[in-house]
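Written below as structure tokens is the structure these notes are about.
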Amino acid sequence: MKDLYRLARTAVWLAFFGALYQELKKPDAERTWHGKVAGVVPYDFRLPTFERLRAAYWNPESDQIFSERVFGVGWAVNLPVAARRVAALVDQYADASCSLRGPKKRSSSRESE
């Protein structure tokens, strides 16, 4: 487990330094401070705005769980969509477990006497 944690931490640092290198190798006039490292991992080093925060972390109209991060390297979690998906998984698990258990037997208090 420690090895997986170290691998993930190394990947994050590599993406961070890759994003900085990508921006610093551009001429000053062309630096945007946002983009994608190797065309895959999004980064954004601009100051966050409320609109971008809301679009990344609270966008119930979207179907995407992961959106581009507002500040830093990586992805943000769209909370309403993630909550909907978790609720759907819980409902699916509950339905499946009920069908496996079979019909419920009703016990009355008179049968136990």
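A few notes on this one:
- For the stretch 6-89, the gyration tensor built on C-alpha atoms gives an oblate shape. Its axis ratio a/c (a ≥ b ≥ c) is at least 1.5, and a/b is not larger than b/c.
- Positive-end extreme of charge dipole, the chain - chosen from VAL73, THR32, GLN22 (charges on Cβ): VAL73
- Length gained on full extension, GLU23 to ALA8, computed as 0.36 nm times the residue gap minus the Cα-Cα distance: 3.1 nm.
- Fraction of accessible area attributable to carbon and sulfur, the chain (%, probe 1.4 Å): 62
- Amide hydrogen neighbours beyond the local backbone of ASN59, cut-off 5 Å, H modeled: LEU79, VAL81
- Residue ranges 51-64, 72-85, 19-32 sort as 72-85, 51-64, 19-32 when ordered by packing (mean number of other C-beta atoms within 10 Å per residue, highest first).
- With the helix formula -39500 (n - 2.57) applied to DSSP H stretches of n ≥ 4, the chain reaches a computed 222 nm mean residue ellipticity of -16000 deg cm²/dmol.
The values are calculated or read from the model by the stated rules, or taken from the named source; none is laboratory data. Computed from a predicted structure; not experimentally measured. Cβ: placed from backbone, ideal geometry, glycine included. Neighbour counts: every protein chain shown. For accessibility, only protein heavy atoms count, side chains too; no ligands or nucleic acids. Shrake-Rupley method; radii C 1.70, N 1.55, O 1.52, S 1.80 Å.
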